[in-house]
Amino acid sequence: MIQNKTILTGVKATGDGLHIGNYFGAIRPLLEIAPGNTTYLMIPDLHSLTSVHSAETLRQNKRNIFSQYLSFFPENCEIIVFEQSSLARHNDIVWVLNSATPYSLMLRAHAFKDSQAKNSEINMAVFNYPILMAADILNFDAHYVPVGKDQKQHIEFARDIAGNFHKLYNCEIFTFPEALITEEVEVIPWTDGRKMSKSYNNFIGIFDDEKTVKKKIASIVTDTTPLEEAKNPDTCNVFALIKLLAPQEEANTIAQKYREGWYGYGHAKKDLERIFLVYFSDARKKYADFQKDDTQVVERIQKWNAIAQTVVNKKYDAIAKAVGLL
Ligand code: ADP
Ligand code: TRP
């Protein structure tokens with residue numbers, strides 16, 4: 001059991017808010033591990049700038065994601081939520097790390113290569129993205145970083161960047177972080193074999209309105225086995241989500257129905273819709289309340305930003321001394 005450690009993760013405020021993949025890949029593991037540890041959940045809004053180029057959209061996305069994060073928190077939750085861009089000196093640290101990180105290391109980045117392959121025009125921040133993320137993690141001396149599998153290389157980079165820095169300046173000021181990847185949910189799948197992702201617009205948003213949830217579930221691709229025939233739950237995309245969200249016993253009952261026949265994909269989708277709404281009902285209710293009035297959320301974030309700032313100030317001093325800026 002992990003205790004007395006520092007845990008940190010973040011989910012970008014792009015797209016339309018948190019989806020099932022984000023929840024199981026990053027948020028739920030964070031909530032589970034939080035008791036007994038110092039836990040941070042950041043809003044990496046500087047990272048969002050790589051892809052969001054509308055001020056109003058970014059502002060709105062951020063406001064939504066603040067409330068969404070807090071909607072998952074139980075009473076007496078001690079997780080500290082903060083905005084990356086509020087931290088003075090954070091980007092100074094990023095610059096120092098940029099200057100101490102070999103270009104050849106960054107050329108290995110899978111995420112950069114993917115973006116380059118997909119987009120004809122990408123910005124410099126996409127290339128430097130892992131260094132900013134390394135600073136997020138290293139500034140807080142995070143021991144563990146709960147993320148989905150796609151982020152594994154970013155955590156390895158953070159370790160490499162810390163190691164390079166230590167060697168270059170003959171010091172030991174960073175903690176080496178480890179990715180915390182929950183194996184069974186490392187990639188929440190979607191219909192086409194790719195992971196559920198805002199980037200592929202193939203996600204079910206946890207806070208989507210019921211109509212949208214219904215539409216998204218209806219669009220999950222299934223095979224063409226006729227209603228009366230037996231079906232294999234283990235190869236069905238709808239069942240993959242049912243299994244994730246339903247209590248074990250209910251999932252077993254539904255799997256049995258698949259195997260017996262006369263249970264169609266339409267039935268399965270109806271079941272999934274109901275199970276989804278039950279699973280996330282508390283969070284959705286809290287979010288609806290925050291949508292009406294989020295003053296409390298904004299106040300709490302400001303308080304937390306100040307706490308996070310004290311951590312970064314200390315780290316900046318250590319780094320600036322190590323490199324000679326101080
Ligand atoms: P997206 O791919 O939708 O843009 P992000 O890149 O913002 O999501 O991911 C935020 C966090 O959620 C990361 O830790 C990421 O690994 C995790 N995550 C995203 N999609 C999935 C998924 N389908 N399965 C598991 N974890 C995921
Ligand atoms: N790159 C992460 C993502 O796309 C978001 C992120 C930014 C992050 N900084 C972080 C995650 C620090 C964990 C720790 O999801």
Is it true that some residue in region 164-173 is in contact with a Gly (Cβ under 6 Å, 6 or more places away or on another chain), part of a loop (DSSP other than H, G, I, E, B) and either on the phi < 0 side of the Ramachandran plot or away from ligand 1 (no atom under 16 Å from the Cβ) (or both)?
-> no
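What is the residue count in region 35-50 for residues that are touching a Lys or Arg at 6+ places or on another chain (Cβ under 8 Å) and within 13 Å of ligand 2 (Cβ to nearest atom)? Don't jump to the end; show me each part of the working.
The initial filter retains those residues of region 35-50 that are touching a Lys or Arg at 6+ places or on another chain (Cβ under 8 Å), namely 37-38, 43-45, 47-48.
Then keep just the ones that are within 13 Å of ligand 2 (Cβ to nearest atom); that gives 43-45, 47-48.
Here the count works out to 5.
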Could you grab the pairs with beta carbons closer than 6 Å, sequence gap of 6+ or different chains, first residue in region 132-147 and among the acidic types (Asp, Glu), second one more than 9 Å from ligand 2 (Cβ to nearest atom) and open to solvent by 10 Å² or more (accessible area, probe 1.4 Å)?
-> ASP141/THR6; ASP141/THR175
Condition met for LYS269 (open to solvent by 30 Å² or more (accessible area, probe 1.4 Å), touching a residue at least 12 places away in the same chain (Cβ under 8 Å) and over 22 Å from the mean Cα position of the chain (by Cα)) = yes
Hits in region 208-245 (condition: under 22 Å from the mean Cα position of the chain (by Cα) and among the aliphatic types (A, V, I, L, M)) | VAL213, ILE217, ALA240, LEU241, ILE242, LEU244, LEU245
Residue check, ALA88 against (1) of a type in the set (Gly, Ala, Ser); (2) at pLDDT 95 or above; (3) within 11 Å of ligand 2 (Cβ to nearest atom), all met but one. Which one?
-> (3)
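Could you go through region 236-255 and let me know if any residue there is outside any helix (DSSP H, G or I), modelled with pLDDT of 95 or more and open to solvent by 90 Å² or more (accessible area, probe 1.4 Å).
The first filter runs over region 236-255 and keeps only residues outside any helix (DSSP H, G or I), leaving 236, 246-247.
Still in the running and modelled with pLDDT of 95 or more: 246-247.
So of that shortlist, the ones also open to solvent by 90 Å² or more (accessible area, probe 1.4 Å) come out as none.
No; the residues of region 236-255 include none that is outside any helix (DSSP H, G or I), modelled with pLDDT of 95 or more and open to solvent by 90 Å² or more (accessible area, probe 1.4 Å).
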Just one of LYS211, LYS243, LYS195 is of a type in the set (Lys, Arg) and closer than 23 Å to ALA111 by Cβ; which is it?
-> LYS195
Quick one: in region 117-157, which of the residues that are away from ligand 2 (no atom under 13 Å from the Cβ) and out of contact with any Phe, Trp or Tyr (no Cβ under 9 Å at 6 or more places or on another chain) is least open to solvent (accessible area, probe 1.4 Å)?
-> ASN123
Count, please, the residues in region 2-34 that happen to be within 11 Å of ligand 2 (Cβ to nearest atom) and in contact with a His (Cβ under 6 Å, 6 or more places away or on another chain).
-> 1
Flag for LYS62 being touching a strand residue (DSSP E or B) at 6+ places or on another chain (Cβ under 8 Å), over 29 Å from ASN4 (Cβ atoms) and open to solvent by 10 Å² or more (accessible area, probe 1.4 Å) = yes
Which numbered condition LYS211 misses (of (1) away from ligand 1 (no atom under 16 Å from the Cβ); (2) buried (at least 16 other Cβ atoms within 10 Å of the Cβ)) | (2)
Could you list all residues from region 82-116 that are open to solvent by less than 20 Å² (accessible area, probe 1.4 Å), under 20 Å from the mean Cα position of the chain (by Cα) and either more than 30 Å from LYS303 (Cα to Cα) or not hydrophobic (A, V, I, L, M, F, W, C) (or both)?
-> GLN84, ALA109
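The values are calculated or read from the model by the stated rules, or taken from the named source; none is laboratory data. Everything quoted here is computed from the prediction, not taken from an experiment. In this analysis, Cβ positions are derived from the backbone assuming ideal geometry, glycine residues included, and neighbour counts consider all displayed protein chains. Protein only, heavy atoms only, side chains kept; ligands, DNA and RNA dropped before computing areas. Shrake-Rupley method; radii C 1.70, N 1.55, O 1.52, S 1.80 Å.
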